[in-house]
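For reference, the structure is listed below as structure tokens.
The values are calculated or read from the model by the stated rules, or taken from the named source; none is laboratory data. Keep in mind that this is a model prediction, so the values were computed, not measured. Every residue, glycine as well, gets a Cβ built from its backbone with ideal geometry; the counts of neighbours run over all protein chains shown. What goes into the accessible areas is simple: the full protein's heavy atoms, side chains included, and nothing from ligands, DNA or RNA. Shrake-Rupley method; radii C 1.70, N 1.55, O 1.52, S 1.80 Å.
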Amino acid sequence: MLKNHFIRQLWNSFLDLVPILVVVFVFQVLIIKQPIPDVISLIVGTLFVVLGLALFIQGLEQSLFPLGEAMAYAFARKGSLFWLLTFAFCLGFGTTVAEPALIAIAAEAADIASKGNIIAQSSEAKTSYALGLRITVAVSVGFAILVGVLRIIRGWPLYYLIIGGYCGVILMTPFAPAEIIGIAYDSGGVTTSTITVPLVTALGVGLATAIKGRNPMIDGFGLIAFASLTPMVFVMIYGVIR
């Protein structure tokens, strides 16, 4: 059964990749009108991508989703709000601070800030700036997951948080340094990693399922949206303080 499921997963991963392959083929052959270079490498690479996607999805289904839901059930049964919120914050912080995309963005931002004389042109200054940026974003995501879990418990409407958060972004933008605004807006998109998303989603759905009176479809989702929003505000505050 597991073998058949994995084969179906391979086929579904290939179908997910087909639109990308079609776009590349059409533009390469019909628009640019050039032959596709190194066809063998392209085919082998495509097979690797299909296999990787299938293994990744299989891993999510067998480990991260069940783990997140199981922990949500356990915390709900334990009835300890403090430990549940502590776990939510640590989950958001831990998975974000090690996010490769965030590390790359922070390093690039520090390099540009150094060249623009915003910070000192030294490796120590760039390292400090990049680390501060990463910690700020990680704290913001931890805070977002914490508030999101509290929203599920209390039954607050999601749009209150989303609208309030974007109002905060709009209010902060005129006061933030111009050099930090673009970084702040981009940081919201790089915080949701391939590990954070399934774990946080599973946590939210599991918690909404475990709490009486909560609808998993209505209350279980939305944590990721809030986690993408708070870094904008926190990074702009970081720019003002720096």
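I need the shape label for the chain. Rule: rounded when a/c is under 1.5, else prolate if a/b > b/c, else oblate, with a, b, c from the alpha carbon gyration tensor. Since a/c reaches 1.5 but b/c is at least a/b, the shape of the chain is classed as oblate.
In whole percent, and with a 1.4 Å probe on the protein chains, what portion of the accessible area of segment 1-106 is carbon and sulfur? After summing per-atom areas, the C and S share lands at 77 percent. The percentage of C-alpha pairs in segment 97-150 whose separation is greater than 15 Å is 49%. In the chain, the DSSP-assigned H stretches of four residues or longer account for a calculated mean residue ellipticity at 222 nm of -26500 deg cm²/dmol, using -39500 (n - 2.57) per stretch and the full residue count as denominator. Take every pair of alpha-carbon atoms less than 8 Å apart whose residues are at least six positions apart; their mean separation over the length of segment 59-208 yields a relative contact order of 46 percent. Taking amide hydrogens as placed 1.01 Å from N in the peptide plane, the amide H of Thr192 sits under 5 Å from that of no residue at least 5 positions away in sequence or on another chain.
Kirkwood Rh, Cα Rg: Rg to Rh for segment 47-176? Kindly include the intermediate steps, with their values, before the conclusion.
Values: Rg = 19.0 Å, Rh = 17.7 Å.
Result: Rg/Rh = 1.07.
Sequence-ordered 3J(HN,Hα) estimates for segment 111-122 from the Karplus curve with 6.51, -1.76 and 1.60 and θ = phi - 60° stand at 5, 5, 4, 5, 5, x, 6, 7, 10, 5, 8, 9 Hz, glycine and proline given as x. Pairs of Cα atoms in segment 118-175 fall into 10 Å distance bins, from 0 up to the last occupied one, in shares of 19, 33, 28, 14, 5 percent.
Excluding ligands, DNA and RNA, the accessible surface per residue across the chain is 55 Å² with a 1.4 Å probe.
Please work out the FRET efficiency for the pair Val44 and Ala125, using the Cβ-Cβ distance as r and a Förster radius of 41 Å; give the result to the nearest 0.05. Intermediate values should be presented prior to the final figure.
On the way: r = 43 Å, r/R0 = 1.06.
That pair, Val44 with Ala125, gives E of 0.40.
Taken one residue at a time, the phi angles of segment 223-233 give Karplus couplings (6.51, -1.76, 1.60, θ = phi - 60°) of 5, 5, 4, 5, 5, 7, 8, 4, x, 4, 5 Hz. Gly and Pro are set to x. Between Ile103 and Ile162, what FRET efficiency follows from the Cβ-Cβ distance if R0 is 25 Å, with the result rounded to 0.05? The formula returns an efficiency of 0.35 here. Using the Cβ-Cβ distance between Phe56 and Ala225 with R0 set to 25 Å, the FRET efficiency works out to roughly 0.65.
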